[in-house]
Amino acid sequence: MANKGILYGVSLGPGDPGFITRRAWEVLHQDTVWTYPIRNKKSESFALGIAQRAGLNLPKQHTPLIFPMTHDTELLAKYWLQAAQTALEFLLRDQDVSFLVEGDASTYSTFGYLARTVAALDPEIRIKIIPGVSSFHAAAARLQTSLADQDDTVAIIPAAYGIPTIERLLADFDTLILLKVKPLIDDIIDLLEQHNLLEHSYFVEKAGTPNERVIRNVRELRGQTVNYLSLLMVKNPQRQRSEMIRGCRKKSSSELVEEEA
């Protein structure tokens, strides 16, 4: 049986080359074919740009893979198949393939579609995900705040789920991360104002990139056009918490002392 290459999903973080992990750095210095996502034949690759800003040079073998920005499922399936077939040509020749990913390869990433399609075409192909820093982790660090403390709950959703869903989640989560807020930014601001949460909300655009923008007074964004790569972090200190099940959490030292007494 002929040997087959490994498909790597190489997470590069949201934009700052300093966020590239040591493991991702090692893989990118191996003898692998680089592949990277583009929206169309004329567009540049955001993920490739991160690698290049880190001082990495394109290897001799590299190729872009087209992942168009569309909700047309038939069109998407066509391009997923084309991308998987391109990667598979190298893999079947026992060449490892690195797919460059902005952010984390397991979180809202095109790598998931590529990996599943490759696996469907050839279940014997080995697939390895190299984890990385996500945009919301980078945003929390930039804001010098935590995503969650001891018993906090966190939800991470695309804002496209709409205002009713966002409003419902506000009641159940201490921190709400809304991704890709561009189409609904004014409606979200209105909602947060109704719930007195604007003072606990923060906007980060292109987290970790040279063009990063941080807005702590979210009201300023009303009427503005924001970038596609943007998110809102909403903290909800007013959330009513239900009682936790004691057996699901380690007892404190004071509780243990009380029991022993």
request  = Can you tell me which residue among F136, F90 is closer than 18 Å to T32 by Cβ and out of contact with any Cys (no Cβ under 8 Å at 6 or more places or on another chain)?
outcome  = F90
message = Tally up the residues in the stretch 184-194 that are out of contact with any Lys or Arg (no Cβ under 7 Å at 6 or more places or on another chain) and either crowded, with 19+ Cβ neighbours inside 10 Å or modelled with pLDDT under 95 (or both), please.
response = 4
query = Considering only the stretch 1-15, how many residues are part of a loop (DSSP other than H, G, I, E, B), modelled with pLDDT of 95 or more and either open to solvent by 40 Å² or more (accessible area, probe 1.4 Å) or more than 17 Å from G132 (Cα to Cα) (or both)?
reply = 2
ask   = In this structure, does K42 turn out to be in a loop (DSSP other than H, G, I, E, B), modelled with pLDDT under 95 and more than 16 Å from the chain's Cα centre (by Cα)?
value = yes
note = Note: among A105, A87, just one is assigned to a helix (DSSP H, G or I) and buried (at least 20 other Cβ atoms within 10 Å of the Cβ), namely A87
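Okay, residues lined up against (1) charged (D, E, K, R); (2) touching a residue at least 12 places away in the same chain (Cβ under 8 Å):
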| site | (1), (2) |
| --- | --- |
| Q95 | no, yes |
| D104 | yes, yes |
| A119 | no, no |
| P123 | no, no |
| K128 | yes, yes |
| Q144 | no, no |
| T165 | no, no |
| I177 | no, yes |
| I185 | no, yes |
query = Residues in the stretch 108-117 that are in contact (Cβ under 8 Å) with a residue 60 or more places away in the chain, of a type in the set (S, T, Y) and in a helix (DSSP H, G or I): how many?
reply = 1
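Taking the stated definitions as given, is A207 under 17 Å from the mean Cα position of the chain (by Cα), under 19 Å from T107 (Cβ atoms) and open to solvent by 50 Å² or more (accessible area, probe 1.4 Å)?
Numbers: under 17 Å from the mean Cα position of the chain (by Cα): yes; under 19 Å from T107 (Cβ atoms): yes; open to solvent by 50 Å² or more (accessible area, probe 1.4 Å): no.
It is false that A207 is under 17 Å from the mean Cα position of the chain (by Cα), under 19 Å from T107 (Cβ atoms) and open to solvent by 50 Å² or more (accessible area, probe 1.4 Å).
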note = Selection from the stretch 210-226 of residues open to solvent by less than 40 Å² (accessible area, probe 1.4 Å) and touching an Asp or Glu at 6+ places or on another chain (Cβ under 7 Å) yields V226
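The values are calculated or read from the model by the stated rules, or taken from the named source; none is laboratory data. The structure presented is a predicted model; accordingly, all values stated were derived computationally and were not measured. Virtual Cβ from ideal backbone geometry, glycine too; neighbours counted across all protein chains shown. Calculation scope for accessible area: heavy atoms of the full protein, side chains included, ligands and nucleic acids excluded. Shrake-Rupley method; radii C 1.70, N 1.55, O 1.52, S 1.80 Å.
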